[in-house]
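Following: one structure in structure tokens, then a few remarks.
The numbers here are math on the coordinates, done by the rules we state, and not lab data. For clarity, every value in this text was computed on a predicted model and none was experimentally measured. Here the Cβ is made from the backbone with ideal geometry for all residues, glycine too, and neighbour counts use every protein chain on show.
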Amino acid sequence: MNTEALANTRIGQLVVRLLAAVMESRLRYRFFGPEEVLGGAGIHPGMTVLEIGCGTGFFTLPAARLLGEQGSLVAMDRMSLSVETVAAKVRQARLTNTCVVVGDALDTQLETESLDAVLIFGVIPAPMLPMDRLLREMHRILKPGGTMAVWPPSWVHRSIRRSGIFAYSSTCRGVMNYRRTACDPA
Ligand SMILES: C[S@@+](CC[C@H](N)C(=O)[O-])C[C@H]1O[C@@H](n2cnc3c(N)ncnc32)[C@H](O)[C@@H]1O
């Protein structure tokens, strides 16, 4: 059974609702405010950015506002329910620079070297997201010198550094920032 089918079972829906409540909780807004965290990712107006695993859209709307009308955001999630929810929020907020899509981070179907930055917030580590495949795909879609921002910090830092296709550049407000290297993935 795939994740989407699992989420459509009764227990799955309960878990999804619980997770959404946690992700949108007041405590989370208070202690990990999205604007505060995004401020550590080095994104700025005019950039073209992909958000992996947009979930409830906790980071999506603030990121879209930060990028401004000259920038653009693709918010991706593999769960269609998340995509519908976030797309409705984006429409309601009249944000025209954001496209919310169903997609898999391991095979995004986005153009090669088309993005300035990727945000991976609250998504890794995850058992169903093999780091080697994820990093190869992020390397493919980022422009040369593009950046990948990962939050929260975790042990994945080691595997990212070891990959050789991303170089650690900084940690800011708990966000680990990496730059795409010119090395070809193995
Ligand atoms: C814990 S939630 C975090 C959501 C949001 N980033 C946040 O921090 O509020 C993780 C999200 O990543 C999505 N996700 C997991 N694996 C994915 C993949 N391979 N491709 C796209 N989205 C994925 C899940 O469906 C889920 O919505």
Treating only Lys and Arg (+1) and Asp and Glu (-1) as charged, each at its beta carbon, one finds that the chain has a dipole about its Cα centre, in Debye to the nearest 20, of 500 debye
Each label sits 7 Å from Cα toward the beta-carbon; between Thr3 and Tyr168 the label points are separated, in nm, by 2.6 nm
Label model pair Leu14, Asp132: point-to-point distance (7 angstrom along the Cα→beta-carbon line) in nm is 3.8 nm
The ³J(HN,Hα) series, computed from each phi in region 35-42 with the Karplus coefficients 6.51, -1.76 and 1.60 at θ = phi - 60°, rounded to the nearest Hz and given as x for glycine or proline, is 5, 4, 5, 4, x, x, 9, x
Length-normalised contact order of the chain, Cα under 8 Å, at least 6 apart, in percent, tallies to 18 percent
Most exposed first, judged by fewest Cβ atoms within 10 angstrom, Asp107, Asp116, Asp77, Asp132 run Asp107, Asp132, Asp116, Asp77
Per residue, the convex hull enclosing the alpha carbons of the chain has a volume in Å³ of 114 Å³
Non-local residues with an amide H under 5 Å from the amide H of Phe121, with H modelled 1.01 Å from N and Pro and chain starts lacking one, are Ile52, Trp151
Env charge @ Ser82, Cβ radius under 14 Å, K,R +1 / D,E -1, value -3
Full extension between Ala182 and His157 adds, at 0.36 nm per residue less the Cα distance, a length in nm of 7.1 nm
Going fewest to most other Cβ atoms within 10 Å around each Cβ, Val90, Val22, Val156 line up as Val22, Val156, Val90
